[in-house]
Structures are given as structure tokens and as C-alpha cells.
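Undergrad: Mind having a look at this structure? Questions to follow.
The values are calculated or read from the model by the stated rules, or taken from the named source; none is laboratory data. Just so we're clear, the structure is a prediction, and the values are computed from it rather than from any experiment. Every residue, glycine among them, receives a Cβ derived from its backbone with ideal geometry; neighbour counts consider all protein chains shown.
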Amino acid sequence: MELTLKDGSKLSLAGAMSAYEAAKQISEGLARAAIVCGIDGQLVSMDTLIDRDCNFEVFTFDSEEGKRVYRHTCSHVLAQAVKNIYPTVQLAIGPAVDNGFYYDFDFKTPINQSDFDKIEAEMKSIIKANLPIKRIVLSREEAEKLIRKSKQIYKTELLADIPEGEEISFYQQGDFIDLCSGPHLTSTGRIKAFKLTSLTGAYWRGSEKNKMLTRIYGTCFEKKSDLEEYIQRLEEAKSRDHNKVGRELGFFMTDENIGQGLPLIMPKGARVIQLMQRFVEDEEQKRGYLLTKTPIMTKNNLFITSGHWDHYKDKMFYIGDEDVDDEILCLRPMTCPLQFTIYKNGLKSYRDLPVRYAETATEFRKEASGEMHGLTRIRQFTLADGHIVCTPDQLEKEFLGCVDLIKYLAGVFGISDDIWYRFSRWDPKNADKYVGSVEEWEKVESTMKTILDDIGINYEEAWGEAAFYGPKLDVQGRNVHGKEDTLFTVQIDFSLAKRFDMIYIDENGEKAVPYIIHRSSIGCYERTLGMLIEKYNGAFPMWLAPEQVRVLSLTDRTVDKAREIKDVLSAAGLRAEADLRSEKLGKKIREAQLEKVPYILVIGDKEAEQGVVSVRHRSEGDLGVMSVDAFVAKALVEVATKVIK
């Protein structure tokens, strides 16, 4: 029997043996470190019998495959421990996720994080017992009987979702059995270090129409030192979480009477968004964009034409029932159909193209309650939205212009090193999710790949992540907790121009259908604000800081002078405030530092007499004394050049 290894070399086996024994033939150390293996591209447990020629690959914890299997097994240990402590609990799902795992439970009596100690203690007992983990394959009838006996209602629903003819597997460790496709570690004792990290609510299957379950998150590693390092990073991340820092510094708030996913942007946050918006709109104007302003509400006819009504309706807020009402009004989830309508107002020639429309648009999307977090995922948001209508010959240049704008803005905001690019393609196996033919998708994806390669940016490919009307270049980022999200996007659309009967007259005097580029130059302003709060831990660069300078009076005698200097700074265009309270200077300085104000100017009797100010920077400390004019000149240069410090 012969195994083909990852590097193309061959490994001969004397006879059938487990994947673990086969790994030992390669290296004893590799076998000890092995988490899972791949046989002809399928991940299986290390106790799987190899009895034929195949391609064979071993994965350790250093691989993504190894980490996910390790974490998934730990989620089963969590479920077993919870079931041992709370026998009446209902089990839902427990996958591996980035940096750890979670399991969803339906408890008879609510628990909280104070219960983690006893759950972790039970998990340690299960790990210490080194229970073998065995895969059990059952017929549908046998599986239904087993689940009925366990009285696990959520597993009944999950079983019903498994297509007829597909293999139904369970994994057993001790007396605990869970419906699962696997694979897993070969025993619970392989888990070396773990920690339960948080507890939250999560709707069953992510739908607010379903019951709210209790989700317990955890993480696990092969080494205790790696776990300790991760926990330390997690604590640091929590301290920078925009949901914490943004509230503490007064950038935004939420209120249960207003609703989830509907943040109130407070004066500081509103000022930062205003500064971002002005800068972005001015830059777009320099690059030939035409500003539009379209209604936030529209009849659903537009979205029927675009295809959003069929493909996106569950994410939309609308008024009316299509089976009853003649007119249904939608809060717009995007501006594209509205800007397309503007394009159609008057026949266009090829000489009129490209047409670049941009809009700072308030948009609405019906996000599930369990998905919303701070400013990252919300139901009402402000998007730097835009659409370019162009000829096929102009497509590459216009696409390049969109990417160049994103790169420029990312550099100005200081996040160039925090983003990467993803080529989001369609899923030909689920063609019903998309509009257009296979030939159209293959053509436009080939065109986009050529453009991306010509641009020379590094990108990863993600199948199944395209918009329903075309492929995308997604600009990705992570929050402080490591969760990946799409920040900005550039999409090539080969379909909607036809649906909206958008045409232009080409060089030959014939009607032609243009290409459309959907793009967002800085994404959702609220999400980008959250990202910047985390990036700078609330200490915004001078040009973006909601308050740039705070003037402190040292004594009551210098109150008038401090107020005068504050007025001079404001007149020069700086965002300045004055702290004129009869408080100790140390307290005033500490408060200004806690509020992340870039510059503090202190006015004492000596400074007032000499016509100078004592200057302190939040990170550089005491900068000595200088005239008010000198400070203003220095500050204005820092603002104009958008220095990040």
C-alpha cells in the first residue's frame, strides 16, 4: 500500500494501519503532535484505518485544520461538563471559531460567569480521565431513536436538516454522545490548556424569531504558556474595545428604549464622523465624483427590478404586505437603484462616461440581534457610497481609481497596515443565489482577476462571498478581538445595468450596456469610527481629535487670560476648550489626559505676564513654553499635514 505525501513523495506501508501509525512511519515526533489528518483531501481522526492507496497529510496544532479540530473537541468537552452539572440542559451547537470555540445551551435556570469555575473544574476531570473519542455512524432511524431517548429538541431539528442519503455521525466520549460530522481528537486527554472566556445570549440559528440561548465562549491551546499569553492579549483587547472605550470617552451610547443596533452618536463621535465625512467628500470631488442626495425610503419596485427583493428581502426594513398592499415602502439598504435612476435621466453618450456618483448615505439593514456589536454591526449606518458607470474599455482604469482612493484614505487614517484584500467570487455550486449566467460570471471574474493582477496587490480568494450581481474586492480588517470583517468594498456589476435598462450611445451610434462599479471609499462611518477608536485607543490624531487643545487656568487670576487664549485658538480653526474651574492643576491635567486631549496649555501668573503658554502633549509630555502664535502655527501644521502621533 502506498501513500502520497504533501511534498509528492511516496510512503510504503506493509499493511492496513491507523492514520496515527502511518504518521509514525514518517516521524515519531509528527505522530505525537498530530491532531488530524487528510485522506484524499477529507479530514479524518487519527484513529481512522488506512487500507488503500491515498493522498495523506498530517496536520498539527500549528495548522488551521489542527486548531479547528482541537477547539471543536474542546467544545464537546464543555458540553459534556455542562450536561454533567446541569442534567436538564438542552444542547444546541458547538463549533470551533477564530481563537477558540463556543457552545450554545438552553438552561432551565440561567447561569452567569460566576459558574465558570465549577464548569472548568468538571472539564478538567473529563480531560484527566482521557476518555477515548469514538465516531459512530447510524442510520436515520437509529439516529432519530437515539435523539428521542436523549430528549434533545435542538438535535432533532439539526438531524432533520441532514439531507437524505448523507452519512449521519455521532461522537462519543464516555457516556456523552453528540450529533456531529467531526472529526475530533482521539481522546479528551489530548487537550492541554483551556479557559472559558465569556458568556452571552444568542438566538437559536441567529434568528430573533427563535429562543434566546446561552452561549459560552472558550479558548484552548497545546501549551499553558500560549494560553496565558492569549489571555493577556485578550485583556488588553478588552481594554481597547471600542464598545468600552467609545462609551467611556463619550463617543456613542445606546438606549434600550431606542433599540439594539441603533447607537446614539454623541458630540465627540459626531465631530469625528463629520471630519471624516468632509475629508472624504472633498477628496471624492477632487477625483471627479458627482454628489447625489437620494431618499432614504423608496417603493419596493426598485428592489424588485434590481433583484434585491428576491435575494436580500430578509435583510430589509419595509412597510406593508406584498400580498395585501398596493404600495410597499422600503428603508433603503443601499443607494444603487436610486443613483441608477439619476443616471437614466437623459440619454448618455460614450463621451459622457465615466459617470461617478458619490453619496454620504444613511442606510438600513435588518441585522440579527445576535450579530450586532457596538458600532461594528448596526441597523442604521452612514455609508460613503458610490457608483461608477463606465464603458468596458474604462473598467480597469476606473477600478484602479477606486482602489487608489481606498489606499489613500487608509493611509491618511493610519490603517494601511491593518487591512488586506479579498477577491470575493461566486459559488457555481449554488448558482441560484446569483443573477446572470455561468458564462457571464466566468467572463467578469476573469476580467476582475486580470485587473487585480495588473494592479499588483496581494489578495486572497474567497468562493461564495460575491454579491449576487457580481464579484467584489473586499478590504478586510480585524477588531481587537481578532474578528474579521469587511470594511470597504469595490464590486464589478455586469447585471443591474441590463435590469434597469441603463444604456449609452457608443462610438458607432449604437446602444450599449455599461459596466457598473459599486464602491465604498471609507466604508460605514460608524464602523470605521469604531475601528479608529480601537486603533488609537481613543487618542485620535490631532486632525481627527474631537477636542484638540484644552486650556487650563492655574489660578482664578488667570481665568480671563485662559478664556482669551481659548478664543484665539478657536478663531484660528482649532477645536479648543477651557477648564476654568477652581480645581488643583494636577486634577485638571489628569482629566484632560484621561479624555485623550492631544495638547494641554497651562496659563499661570508667570505665563500670563510674559504672554506665553506652557505646552504639554499627551504622549510627548512637557514641551516647555512658547508664544500663543507659535503654538497655533505648530498646531495648524500638524492638522494640515495630518500627522499621526
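Undergrad: Of everything in the stretch 415-434 that's of a type in the set (S, T, N, Q) and closer than 19 Å to GLU461 by Cα, which residue is surrounded by the fewest Cβ atoms within 10 Å (Cβ to Cβ)?
TA: Filtering the stretch 415-434 down to residues of a type in the set (S, T, N, Q) leaves 416, 424, 430.
Now narrow it down to the ones that are closer than 19 Å to GLU461 by Cα: 424, 430.
On the way: SER424: 23, ASN430: 9.
Out of the qualifying residues, it is ASN430.
Undergrad: Separate question: For the stretch 3-18, which positions are among the small types (Gly, Ala, Ser), surrounded by 10 or more Cβ atoms within 10 Å (Cβ to Cβ) and under 11 Å from ARG52 (Cα atoms)? Can you show your working first?
TA: If we filter the stretch 3-18 for residues that are among the small types (Gly, Ala, Ser), which is where we start, we get 8-9, 12, 14-16, 18.
Checking the rest, the ones that are also surrounded by 10 or more Cβ atoms within 10 Å (Cβ to Cβ) come to 16, 18.
ALA16 - this is the single residue of the stretch 3-18 that is among the small types (Gly, Ala, Ser), surrounded by 10 or more Cβ atoms within 10 Å (Cβ to Cβ) and under 11 Å from ARG52 (Cα atoms).
Conditions (1) surrounded by fewer than 18 Cβ atoms within 10 Å (Cβ to Cβ); (2) in contact (Cβ under 8 Å) with a residue 60 or more places away in the chain; (3) hydroxyl-bearing (Ser, Thr, Tyr), marked per residue:
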residue	(1), (2), (3)
GLU64	yes, no, no
VAL82	no, yes, no
GLN90	no, yes, no
ILE93	no, yes, no
ASP98	yes, yes, no
TYR102	no, yes, yes
ASP106	yes, yes, no
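Undergrad: Follow-up. When residues of the stretch 154-188 are filtered for being surrounded by 13 or more Cβ atoms within 10 Å (Cβ to Cβ) and either farther than 24 Å from SER125 by Cβ or within 30 Å of the chain's Cα centre (by Cα) (or both), how many remain? If you could, list the steps in order and put the result at the bottom.
TA: In the first step, residues of the stretch 154-188 are kept if they are surrounded by 13 or more Cβ atoms within 10 Å (Cβ to Cβ); the result is 154-159, 162, 168-174, 176-188.
In the following step, the residues that additionally are either farther than 24 Å from SER125 by Cβ or within 30 Å of the chain's Cα centre (by Cα) (or both) were identified as 154-159, 162, 168-169, 179-185.
Summing the residues that are surrounded by 13 or more Cβ atoms within 10 Å (Cβ to Cβ) and either farther than 24 Å from SER125 by Cβ or within 30 Å of the chain's Cα centre (by Cα) (or both) in the stretch 154-188 gives 16.
Undergrad: How many of the residues in the stretch 185-213 are closer than 18 Å to TYR102 by Cβ, without any contact (Cβ under 8 Å) to a residue 60 or more places away in the chain and not in a strand (DSSP E or B)?
TA: 2
Undergrad: Give the residue that is nearest to ILE522 (Cα to Cα), with candidates limited to residues of the stretch 399-414 that are surrounded by 15 or more Cβ atoms within 10 Å (Cβ to Cβ) and among the small types (Gly, Ala, Ser).
TA: Checked the stretch 399-414; the qualifying residue nearest to ILE522 (Cα to Cα) is ALA410.
Undergrad: Assess whether LEU395 counts as being buried (at least 17 other Cβ atoms within 10 Å of the Cβ), in contact (Cβ under 8 Å) with a residue 40 or more places away in the chain, within 28 Å of ILE296 (Cα to Cα) and not small (Gly, Ala, Ser).
TA: Numbers: buried (at least 17 other Cβ atoms within 10 Å of the Cβ): yes; in contact (Cβ under 8 Å) with a residue 40 or more places away in the chain: yes; within 28 Å of ILE296 (Cα to Cα): no; not small (Gly, Ala, Ser): yes.
So LEU395 does not fit the description; no.
Undergrad: While we're looking at this one, here's another question. Quick one: which of GLU564, GLU607, GLU591 is within 20 Å of VAL245 (Cβ to Cβ) and in a helix (DSSP H, G or I)?
TA: Working: GLU564 fails: within 20 Å of VAL245 (Cβ to Cβ); GLU607 fails: within 20 Å of VAL245 (Cβ to Cβ).
Being within 20 Å of VAL245 (Cβ to Cβ) and in a helix (DSSP H, G or I) holds for just one of GLU564, GLU607, GLU591, which is GLU591.
Undergrad: Still on this structure, I have one more. I'd like to verify a number: residues in the stretch 30-73 that are under 16 Å from LEU11 (Cβ atoms), assigned to a loop (DSSP other than H, G, I, E, B) and in contact with a Gly (Cβ under 9 Å, 6 or more places away or on another chain), how many?
TA: 2
Undergrad: When residues of the stretch 507-523 are filtered for being of a type outside the set (A, V, I, L, M) and either at positive phi or under 41 Å from the mean Cα position of the chain (by Cα) (or both), how many remain?
TA: 8
Undergrad: Against the definition (in contact with a Lys or Arg (Cβ under 9 Å, 6 or more places away or on another chain), small (Gly, Ala, Ser) and over 30 Å from LYS642 (Cα atoms)), how does ALA466 come out, yes or no?
TA: Values: in contact with a Lys or Arg (Cβ under 9 Å, 6 or more places away or on another chain): yes; small (Gly, Ala, Ser): yes; over 30 Å from LYS642 (Cα atoms): yes.
So ALA466 passes the test.
Undergrad: Also: Check off (1) outside the structural domain of ILE177 (by TED's automatic domain parsing); (2) touching a strand residue (DSSP E or B) at 6+ places or on another chain (Cβ under 7 Å); (3) free of Cβ contacts under 8 Å to residues at least 24 places away in the same chain for GLY250 and give me the number that stays unchecked.
TA: (2)
Undergrad: Failed condition for ASN55, given (1) farther than 22 Å from LEU179 by Cβ; (2) at pLDDT 95 or above; (3) polar (S, T, N, Q), with all others met?
TA: (2)
Undergrad: Go over the candidates LYS535, LYS483, LYS498 one by one and state the one that is surrounded by fewer than 24 Cβ atoms within 10 Å (Cβ to Cβ), under 17 Å from the mean Cα position of the chain (by Cα) and over 21 Å from ARG379 (Cβ atoms). Full working, then the answer.
TA: Details: LYS483 fails: over 21 Å from ARG379 (Cβ atoms); LYS498 fails: under 17 Å from the mean Cα position of the chain (by Cα).
Result of the check over LYS535, LYS483, LYS498: LYS535.
Residues checked against (1) among the β-branched types (Val, Ile, Thr); (2) free of Cβ contacts under 8 Å to residues at least 24 places away in the same chain; (3) out of contact with any Ser or Thr (no Cβ under 7 Å at 6 or more places or on another chain); (4) loosely packed, with under 12 Cβ neighbours inside 10 Å:
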residue	(1), (2), (3), (4)
ASP567	no, yes, yes, no
SER570	no, yes, yes, no
GLN593	no, no, yes, no
VAL602	yes, no, no, no
VAL615	yes, yes, yes, no
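Undergrad: Condition test on SER45, is it buried (at least 22 other Cβ atoms within 10 Å of the Cβ), among the polar types (S, T, N, Q) and not assigned by TED's automatic domain parsing to the domain that holds LEU227? Please lay out each step first, then the result.
TA: Values: buried (at least 22 other Cβ atoms within 10 Å of the Cβ): yes; among the polar types (S, T, N, Q): yes; not assigned by TED's automatic domain parsing to the domain that holds LEU227: yes.
For SER45, the condition - buried (at least 22 other Cβ atoms within 10 Å of the Cβ), among the polar types (S, T, N, Q) and not assigned by TED's automatic domain parsing to the domain that holds LEU227 - is met.
Undergrad: For the stretch 497-513, how many residues are touching a Pro at 6+ places or on another chain (Cβ under 8 Å) and part of a helix (DSSP H, G or I)?
TA: Within the stretch 497-513, the subset touching a Pro at 6+ places or on another chain (Cβ under 8 Å) is 497, 500, 502-504.
Among the residues that remain, those that are also part of a helix (DSSP H, G or I) are: 497.
Qualifying residue count for the region: 1.
Undergrad: How many residues are of a type in the set (Asp, Glu) and in a helix (DSSP H, G or I) if we restrict to the stretch 240-288?
TA: So the first thing to find is which residues in the stretch 240-288 are of a type in the set (Asp, Glu), and the list is 241, 248, 255-256, 281-284.
Applying the additional criterion that residues be in a helix (DSSP H, G or I) yields 248, 281-284.
Total meeting the criteria: 5.
Undergrad: For the stretch 309-340, which positions are touching a Phe, Trp or Tyr at 6+ places or on another chain (Cβ under 8 Å), touching a residue at least 12 places away in the same chain (Cβ under 8 Å) and part of a helix (DSSP H, G or I)?
TA: Result: HIS311, PRO337, GLN339, PHE340.
Undergrad: Select from the stretch 190-212 the residues that are out of contact with any strand residue (DSSP E or B) (no Cβ under 9 Å at 6 or more places or on another chain) and surrounded by fewer than 16 Cβ atoms within 10 Å (Cβ to Cβ) and list them in ascending order.
TA: GLY206, SER207, GLU208
Undergrad: Looking at (1) farther than 22 Å from HIS373 by Cα; (2) surrounded by 19 or more Cβ atoms within 10 Å (Cβ to Cβ); (3) in contact with a strand residue (DSSP E or B) (Cβ under 6 Å, 6 or more places away or on another chain), find the lone condition where SER306 falls short.
TA: (3)
Undergrad: Would a scan of the stretch 514-531 turn up a residue that is in a loop (DSSP other than H, G, I, E, B), modelled with pLDDT of 95 or more and assigned by TED's automatic domain parsing to the domain that holds VAL355?
TA: From the stretch 514-531, those in a loop (DSSP other than H, G, I, E, B) are 514; that's our starting set.
Still in the running and modelled with pLDDT of 95 or more: 514.
Imposing the further condition that a residue be assigned by TED's automatic domain parsing to the domain that holds VAL355 reduces the set to 514.
Checked the stretch 514-531: at least one residue is in a loop (DSSP other than H, G, I, E, B), modelled with pLDDT of 95 or more and assigned by TED's automatic domain parsing to the domain that holds VAL355.
Undergrad: Can you tell me which residues in the stretch 294-303 are in a helix (DSSP H, G or I) and buried (at least 18 other Cβ atoms within 10 Å of the Cβ)?
TA: Taking the stretch 294-303 as the starting set, the residues that turn out to be in a helix (DSSP H, G or I) are 301-303.
Matches in the stretch 294-303: LEU302, PHE303.
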